[in-house]
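One structure below.
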Amino acid sequence: MTALFTPAQVRNAVDLLAARSLVRLVTEIDDNGAIPPRRLANTLPDLSSHQQRRATETARTHGLVRTAPGTGLELTDSGAELADLYDAMARWARRHAYPTPICEFSSRIRHVLDLLAPALAAQNTDGRSWPSAARLPSTEADLARPRALLIEWLAGNPQVTRVPDPEPVA
C-alpha cells in the first residue's frame with residue numbers, strides 16, 4: 001500500500017478533526033442550521049468561551065464555516081461534507097458499540113479517526129502508536145466506507161493535512 005499522507009499529516013488531520021469543540025460546532029450547525037450572531041454561547045453552553053472561540057477560528061481557517069449576512073455562522077460545502085463524514089463514522093461506531101455501547105458523539109468520532117489513521121499512512125515512523133482495528137469484531141471491509149469517505153474528504157481539503165512550520169529557534 002502506498003502512503004496517502006505522511007504520519008505527520010495524518011496526526012495533524014486527526015487532531016484537528018477530532019477536537020471536541022470542532023465536532024460540536026459542525027454537528028450543531030448541521031443539525032439545527034446557522035447560528036445567529038451573538039448566539040454561540042447559548043447554542044453551545046457546554047463549551048467554554050475560549051473553546052467556542054477556538055472552534056470558530058479553526059473552522060473558519062480551514063474553510064468549514066462562514067458568516068452569512070442575516071443568518072449567522074453557517075457551514076460551507078466542506079463543512080457540510082465533514083458533518084456527513086462525522087455521521088458515517090458515528091453510525092459505524094454505534095453499530096459496533098465502539099468504543100463502548102454508551103458514548104458521547106465526539107468521543108466516537110475521535111476513536112474512529114484513531115482507528116482509521118493507520119490506513120491513511122503506510123507507516124508510522126514518528127513513534128506514536130495508533131490503536132489497532134484488530135481488537136474489533138469487524139473486518140477491514142467493514143471500515144472501508146468510513147475510510148473511503150475520510151480519504152475523499154481529506155483529498156478535497158488539503159488545508160487540514162498541512163503540517164504547521166516549526167517555530168524558529170531564536
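A short reminder: the numbers here are calculations on the coordinates, not readings from a lab. Since the model is a prediction, treat every value here as computed from it, not as a measurement. Neighbour counts are summed over all protein chains in view; Cβ atoms, including those assigned to glycine, are modelled from backbone coordinates with ideal geometry.
Points worth noting:
- Ranking of ILE151, ILE109, ILE35, ILE102 by count of other Cβ atoms within 10 Å, fewest first: ILE102, ILE151, ILE35, ILE109
- Annotation: the residues THR58, THR67, THR27, sorted from fewest to most other C-beta atoms within 10 Å of their own C-beta, follow the order THR67, THR58, THR27.
- Per-selection metrics, the range 31-76 (Cα): Rg and Dmax in Å: 10.1, 26
- Counted charge near GLY33, where neighbours are those whose Cβ lies closer than 12 Å (Asp, Glu -1; Lys, Arg +1): -3
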